[in-house]
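What follows is a short report on a single structure.
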Amino acid sequence: MKTEDPTGRPAPSGGSAPARAATPALSSLVTEVARRFDERIVTASLPVYRASTVLFDSLAQADATGRATGAGTRHASTYGTAGTPTTFALMDALAEVEGRGHDCRAALMPSGLSAISAALFAYARTGDHVLMPDSVYGPARVFAQGMLAGLGIETTFYDPRIGAGIEALMRSNTRVVYLESPGSYTFELQDVPAICAVARRRGAVSMIDNAWASPVFARPFDWGVDVSILPLTKYWSGHADTLMGAVVVREPLWLPLWSAVRQLGICVGGDDAFMILRGLRTVDVRMRRHEASGLQVARWLEGRPEVARVLHPALESHPDHALWKRDFEGACGLFSFELRRDALPADDAGLERALAALCERRRFFRIGYSWGGFESLIVPGRIGSLRTATPWQGGPLVRVHIGLEDPADLIADLADGLAAMRAAS
Ligand SMILES: *Cc1c(COP(=O)(O)O)cnc(C)c1O
């Protein structure tokens, strides 16, 4: 056991004592100590495992674990990229929470966008056709038009309100029907059960980006989807400090996803996985506050003369309100409002000045992308060039995320912003 001390000092116990009894050289000692902890101490929340190397007691165990890991067996890991107790705990939690009532598995990704791209890589091949709603999250469109197109996978963008009419766009090679409800910036709701029923009948995988509703307000697997894509960065994390995504799938679809994850080397660290587990503990109470405050601010905006309409699915005025009532159990804090053109300068430079006056120097609303954290955010929705199947006809859009601040303070802040916008117009 004991190696020669490179300093040449005599071995402390004369070198002939049993290996375990000797105190090894410091360089060895520091590798040997603190490798295990007392597993009888049970804490309320799980410890964090940070690992690349996973150890085995025998070659046979290493081989068997390798086979189990390759086969996607739950909790099998030969290496940190395949998983640790911390990441497995989060994978199980996501499958159970997002897939409640269904037999699901979850894989972790370093961001929501990587969850989108990995899911598409897993289920679409060269020569396949993909359908995506025109209101899709912008970077997902860029991925479809970029890497997917480069691989010979064609994407057709469809009217998000198409419903069962999706049948007419299905081709013999349509492998993936992608959904996002409500749509990014414009908040169209999709008839998810109707679209998924068509996809299933035609042998395509249905896939939804379930960022908006969080697990609290939607159960996508009850709607019939095969794959739910979760930007955990948003409400699951809840504190604007962690990036992560996940793909949750029905059990029979697990192997292609796991295979893609392993081939691409996608993995997340234990510390970040811990942060998502931590956020999950409070997601229900946070969402109810986001919902109540969001609705209060949305209703106030509806009464403002500068606002043409508020695009919030839980408002009775929303064109898809009936679908929202049928499918969702609540609404989060993210919505848009459309400004009246006649309240704004007609020229582009004037419009930009007015938007800047609205968004800049607010006290609580800060300018920033992402959402789902504790804080309120405001950004203009620049979607003009993004839509192809259903060009945006309305006025300038502003998207807000209503955080956990007192809604009265948020309303006062927006009133200041609208006054500044009028003054600049
Ligand atoms: C933010 C967002 C994503 C991407 O999540 P990241 O973790 O930021 O990569 C995907 N879809 C929607 C609808 C989003 O809003």
Cβ pairs under 9 Å, 6+ apart, first in the range 211-228 and of a type in the set (Val, Ile, Thr), second part of a helix (DSSP H, G or I) and within 15 Å of the ligand (Cβ to nearest atom): 225/192; 227/119; 227/220
For the range 316-343, how many residues meet the condition of being away from the ligand (no atom under 16 Å from the Cβ) and in contact with a strand residue (DSSP E or B) (Cβ under 6 Å, 6 or more places away or on another chain)? 3
Looking at 134, 128, 57, which is the one that is modelled with pLDDT of 95 or more, of a type outside the set (Ser, Thr, Tyr) and either exposed (fewer than 13 other Cβ atoms within 10 Å of the Cβ) or in the same structural domain as residue 371 (by TED's automatic domain parsing) (or both)? 57
Kindly establish whether residue 86 is in a helix (DSSP H, G or I), at pLDDT below 95 and either of a type in the set (A, V, I, L, M) or closer than 30 Å to residue 267 by Cα (or both). no
Residue check for residue 51: touching a helix residue (DSSP H, G or I) at 6+ places or on another chain (Cβ under 8 Å), at pLDDT 95 or above and crowded, with 16+ Cβ neighbours inside 10 Å: yes
Just to be sure, is residue 336 closer than 28 Å to residue 180 by Cα and at pLDDT 95 or above? yes
Of the residues in the range 365-383 that are aromatic (Phe, Trp, Tyr) and more than 17 Å from residue 421 (Cα to Cα), the one that is modelled with the lowest pLDDT is 369
Test residue 216 against the criterion of being touching a strand residue (DSSP E or B) at 6+ places or on another chain (Cβ under 6 Å) and on the phi < 0 side of the Ramachandran plot, and give yes or no. no
Taking residue 246, is it of a type in the set (Gly, Ala, Ser), in a helix (DSSP H, G or I) and surrounded by 16 or more Cβ atoms within 10 Å (Cβ to Cβ)? no
Could you list, in sequence order, all residues of the range 369-411 that are within 26 Å of residue 341 (Cβ to Cβ) and aliphatic (A, V, I, L, M)? 377, 378, 379, 383, 386, 389, 397, 398, 400, 402, 410, 411
Take residue 289 and tell me if it is basic (Lys, Arg), crowded, with 16+ Cβ neighbours inside 10 Å, farther than 23 Å from residue 206 by Cα and more than 16 Å from the ligand (Cβ to nearest atom). yes
Step by step: first the residues of the range 130-183, then only those that are within 11 Å of the ligand (Cβ to nearest atom) and among the small types (Gly, Ala, Ser), then the one that is nearest to residue 202 (Cα to Cα). Which residue is that? 181
Do we find that residue 309 is in a helix (DSSP H, G or I), more than 16 Å from the ligand (Cβ to nearest atom) and touching a residue at least 24 places away in the same chain (Cβ under 8 Å) in this structure? no
State yes or no: is residue 314 in a loop (DSSP other than H, G, I, E, B), in the same structural domain as residue 401 (by TED's automatic domain parsing) and buried (at least 17 other Cβ atoms within 10 Å of the Cβ)? yes
Of all residues in the range 129-147, which are without any contact (Cβ under 8 Å) to a residue 40 or more places away in the chain and aliphatic (A, V, I, L, M)? 142, 144, 147
Do we find a residue being in contact with a Phe, Trp or Tyr (Cβ under 9 Å, 6 or more places away or on another chain) and aromatic (Phe, Trp, Tyr) anywhere in the range 157-177? no
If you check residue 209 against the conditions, is it in the same structural domain as residue 130 (by TED's automatic domain parsing), within 16 Å of the ligand (Cβ to nearest atom), surrounded by fewer than 24 Cβ atoms within 10 Å (Cβ to Cβ) and not aliphatic (A, V, I, L, M)? no
Failed criterion for residue 385 (all others in (1) touching a residue at least 40 places away in the same chain (Cβ under 8 Å); (2) in a loop (DSSP other than H, G, I, E, B) hold): (1)
Of (1) more than 16 Å from the ligand (Cβ to nearest atom); (2) touching a strand residue (DSSP E or B) at 6+ places or on another chain (Cβ under 7 Å), residue 422 satisfies every one except (2)
Only listed residue being away from the ligand (no atom under 16 Å from the Cβ) and within 24 Å of residue 97 (Cα to Cα), chosen from 203, 224: 224
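The values are calculated or read from the model by the stated rules, or taken from the named source; none is laboratory data. Predicted model, so just to flag it, every value in this text is computed and none were measured. All Cβ positions, even for glycine, are placed from backbone atoms using ideal geometry, and neighbour counts span all protein chains on display.
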